[in-house]
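Trainee: My questions all concern the structure below.
Rule-based calculations on the coordinates, nothing more; no lab input. Just so it is clear, the structure is predicted and the values come from calculations on it, not from any experiment. Glycine also receives a Cβ, built like all others from the backbone with ideal geometry; neighbour counts cover every protein chain displayed.
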Amino acid sequence: MVACDLPNYVLGAGVVAQSVWNARHGYDARHGIADIDVVYFDPDTSQSSEARASAKVATLLADLGLCVDVKNQARVHLWYRDRFGASIRSYTSLEDALSSWPTTATAVGVRLEREKTHIVAPFGVRDLMSLVVRPNRVQVPRKVYEEKAVRWQSCWPQLTVLPWAAGIGIEGERIIDD
């Protein structure tokens with residue numbers, strides 16, 4: 001990704017968690033992985049800038065044969081309402097964005113930086129490594145969490161999926177009123 005010049009980027013969410021889950025289950029490395037999420041934080045919130053970044057990363061990762069989803073986390077608040085029906089506060093950093101992701105196990109991003117692995121994990125990696133799926137209720141709608149959890153448990157049966165009530169964060173805390 002360095003060749004794409006993305007500022008403060010990580011591979012994150014499903015591709016990270018599901019790679020760990022595959023290893024822990026003894027599955028093929030690509031089992032259940034639908035896409036590769038690459039997120040970054042750039043103050044340039046123009047759609048054209050994000051489109052250029054997306055095209056560069058898609059070209060770089062084309063040989064993997066997976067859908068590549070590239071999002072500038074600094075601009076998520078601009079489209080979130082249209083997709084999820086609620087407005088959110090803008091993120092202040094990549095770490096702030098990851099802290100709103102649907103589960104503690106998937107709120108993890110990694111990148112290679114100067115030949116060292118850099119991990120961004122606002123909740124740590126305990127749940128990820130222990131195969132626990134715990135909802136993060138601050139932003140994601142309950143229905144979205146539950147749909148993801150059903151899919152994940154069907155793909156990775158050793159996961160312990162916690163109910164919505166056992167999640168972290170105050171429900172809807174990041175949602176703002178219009």
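Trainee: Would you list Ser130, Ser48, Ser19 from fewest to most Cβ contacts within 10 Å? All intermediate terms of the calculation are to be shown ahead of the outcome.
Mentor: Details: Ser130 11, Ser48 8, Ser19 18.
Neighbour counts put them in this order, fewest first: Ser48, Ser130, Ser19.
Trainee: GNM on the chain, C-alpha springs below 10 Å: top fluctuator among Leu94, Leu64, Leu11?
Mentor: Leu64
Trainee: Hey, fewest Cβ within 10 Å first, where do Ile175, Ile170 land in order?
Mentor: So the residues, fewest neighbours to most, are Ile170, Ile175.
Trainee: Could you tell me which residue out of Ser54, Pro7, Ala105 lies farthest along the dipole of the chain toward its positive end? Charges go on the beta carbon: Lys and Arg +1, Asp and Glu -1, centred on the Cα centre.
Mentor: Checking the options against the dipole of the chain, the answer is Ala105.
Trainee: Treat every Asp and Glu Cβ in the chain as -1 and every Lys and Arg Cβ as +1, leave all other atoms uncharged, and give the resulting dipole magnitude about the Cα centre to the nearest 20 debye.
Mentor: Taking the Cα centre of the chain as origin, the dipole is about 340 debye.
Trainee: Would you please name the trypsin sites (Lys or Arg not before Pro) within the stretch 35-90 that are DSSP coil residues with at most 16 other C-beta atoms within 10 Å of their C-beta?
Mentor: On the way: sites: Arg52, Lys56, Lys71, Arg75, Arg81, Arg83, Arg89; in loops: Arg89.
Sites meeting the loop and neighbour criteria: Arg89.
Trainee: Further question: Quick check on the exposure proxy: order Asp44, Asp63 from fewest to most C-beta atoms within 10 angstrom.
Mentor: Listed from fewest to most nearby Cβ atoms, that is Asp63, Asp44.
Trainee: While we're on this one: Restricting to the stretch 2-130, what percent of DSSP beta bridges are antiparallel, rounded to 5?
Mentor: Taking every DSSP beta bridge within the stretch 2-130, about 60 percent pair in antiparallel fashion.
Trainee: Right, next: Read through the labelled values (1) 132, 36, 23; (2) 57, 40, 31; (3) 43, 39, 26 and report the label of the one computed as Cα extents along the principal axes in Å from the structure.
Mentor: It is the value labelled (3).
Trainee: Please report how far the C-alpha centroid of the stretch 10-25 lies from that of the stretch 102-165, rounded to the nearest whole angstrom.
Mentor: After rounding, the separation between the Cα centres reads 9 Å.
Trainee: In debye, nearest 20: dipole of the stretch 79-159 around its Cα centre with unit charges on the Cβ of K, R (+) and D, E (-)?
Mentor: Details: 13 positive and 8 negative charges, 36 e Å.
Value, rounded to 20: 180 debye.
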